[in-house]
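In what follows, a single structure is set out as structure tokens and then discussed.
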Amino acid sequence: MSEDIKKTIRELHIYEKKLLKELDANPDATPEEIAENTGMDIKSVMSAAGSLASKDIIEVEKDVEEEISLSEAGQEFANNGLPERRILDVLAEKRAIHMKDLADATGVDKKQANIAIGWLRRKNWAQIDKGEVKLTENGENFKDKLDNDEELLNHLIGAKNILKSKLDDAFMEGFKKLNDRKNILDIKKNTSHSFKILDKGEAILDEGFTIKEQATQLTHQQLKEGEWKSLEYRPYDINAEAPVVFAGKKHPLREIIDEIREIFLNMGFIEDNGEYVESAFWNFDSLFQPQDHAAREMQDTFYLKNPLTCDLPDDDLVKLTAETHETGADTGSIGWQYDWSEDVARQSVLRTHTTGISTKHLFEHEPPIKMFSVGRVFRRETFDYKHLPEFHQVEGLVCGEGISYQNLLGTLKEFYKKLGFEVRFRPAYFPYTYLSTESEIYLEEKESWIELGGAGMFRPEVLKPLGINQPALAFGMGIERLAMIRYDVEDIRMLYKSDIKWLREVPLSRGVRL
Ligand code: DAH
């Protein structure tokens, strides 16, 4: 215990010591008095008190006092008498006054007279009988006696203001009445603080301490001339609890997207973007996906009503694409052997993947090309813990002399390594690539490999119609999956839910190794 107390004393700020000493000598001192007696300003007193309270050395009590004073209207009533008193004075002689004569007979104006009648009845000074205001016995009694509200009015004139807590019972009754009438009383709320030394504070005082100035900042001078050696320092409590701060930050999904972009940009890729609404031509046909391919079915793809169709590109490209689909043209393939339809290619869709950006890019640019794109894609999926109808993909393309399948594997390996994952490849099939592969990353917690994306070498059936005579590697992968692994979320919907607790707590440590 005593060791603890000594440690606490060592860590007390000089203001805390001053406050505690003052409070010991003067237990009822207000913060203002403490400020006055110690030479501290009131802000320092309050912050020292808060700090002492957080260490259970003192207790800070907050009292709210109501201070009552007369408003302007209240002062007028205090000087001239309440309207019901003025009426009572006349009634005392006349015994009864007709309602319609009330104002004339008493000099109380009509509006006040109406209110006064209410009070005459409430105080039982008068009764209303057949349009007449008649004095009661109780009214007779009050002829020469003030009611408690009148007493309070008089008191307030002399005292200017009084604390509500100081009112005795009779004044309290009077207060209730006056307060029932609007705008007679002004009530001001004053907050005041009082301090009480707790057991730990007493123990500190018993142990005793000296108040000595402590150095909090050293000057160049003090360092140079060695004065720092003789100064008093206050130790820091490095275990003190600090408030948790939730700084503003990027959404985790945004964060991982930006990381991915940074990785590709650093690997020398340029970034391209497509549109959400795309023609079936770019989304499917340019990728040598036959027009009766299952992926085009309504359950997978969102077809749009507005716009219902998109323009087809360059005639030659369309013609070559048609031929390649139908017969393979001069690609060395026999194609899909069906009648290709322009109308089907014109249909507008919400892009189902970002791979169409790559074929369009190939058509519009000359190799060598290193391009990536990141964006939303849309599929008719039912919501569940691992599916959303809208998610993000990143797509990559490298095209140039001598580009090989080895380069594809190397590029992906490098990318995943930078994101912090180990990757392996297994054979796969896509209509637009040969060779094709799917990459899988290893999940230590689950001790299993999970599939992340597709990749391959674009087939001649894709490249030739686009006018590309050099090999191209391409890959695409879902980003939400990566985010789920990185942030350890089991349900993909968490990434879109704006769950403030999760967003606050999720660490944004960058996994990127550049
Ligand atoms: N587009 C595929 C998908 O959405 C992924 C993909 C596979 C992209 C192979 C490619 C590729 O560029 O070569 O699942």
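The values are calculated or read from the model by the stated rules, or taken from the named source; none is laboratory data. What you are looking at is a predicted structure, and each value in this text was computed from that prediction instead of being measured. All Cβ positions, glycine included, derive from the backbone under ideal geometry; neighbour counts span all protein chains shown. Surface areas here come from the heavy atoms of the whole protein model, side chains and all, with no ligands, DNA or RNA. Shrake-Rupley method; radii C 1.70, N 1.55, O 1.52, S 1.80 Å.
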Residue 96 being assigned by TED's automatic domain parsing to the domain that holds residue 160 and either within 14 Å of residue 201 (Cβ to Cβ) or among the aliphatic types (A, V, I, L, M) (or both): yes
Answer residue from region 431-443, given it is in contact (Cβ under 8 Å) with a residue 40 or more places away in the chain and within 44 Å of the chain's Cα centre (by Cα) and is farthest from the ligand (Cβ to nearest atom) among those: 443
Hits in region 410-461 (condition: open to solvent by less than 70 Å² (accessible area, probe 1.4 Å), part of a strand (DSSP E or B) and within 15 Å of residue 288 (Cβ to Cβ)): 430, 433, 436, 454, 456, 457, 458
Candidate set: region 477-504, residues that are of a type in the set (Asp, Glu) and out of contact with any Leu (no Cβ under 9 Å at 6 or more places or on another chain); chosen: the one surrounded by the most Cβ atoms within 10 Å (Cβ to Cβ): 499
Hey, residue 135 more than 26 Å from residue 192 (Cα to Cα), surrounded by 13 or more Cβ atoms within 10 Å (Cβ to Cβ) and in contact with a Leu (Cβ under 9 Å, 6 or more places away or on another chain) or not: yes
Single match in 500, 479 (criterion: away from the ligand (no atom under 16 Å from the Cβ), within 30 Å of the chain's Cα centre (by Cα) and not hydroxyl-bearing (Ser, Thr, Tyr)): 500
Number of positions in region 348-392 that are under 14 Å from residue 475 (Cα atoms) and among the charged types (D, E, K, R): 1
Residues located in region 51-104, provided they are among the small types (Gly, Ala, Ser) and open to solvent by 60 Å² or more (accessible area, probe 1.4 Å): 54
Checking residue 378 against (1) more than 16 Å from the ligand (Cβ to nearest atom); (2) within 51 Å of the chain's Cα centre (by Cα), the condition it does not meet: (1)
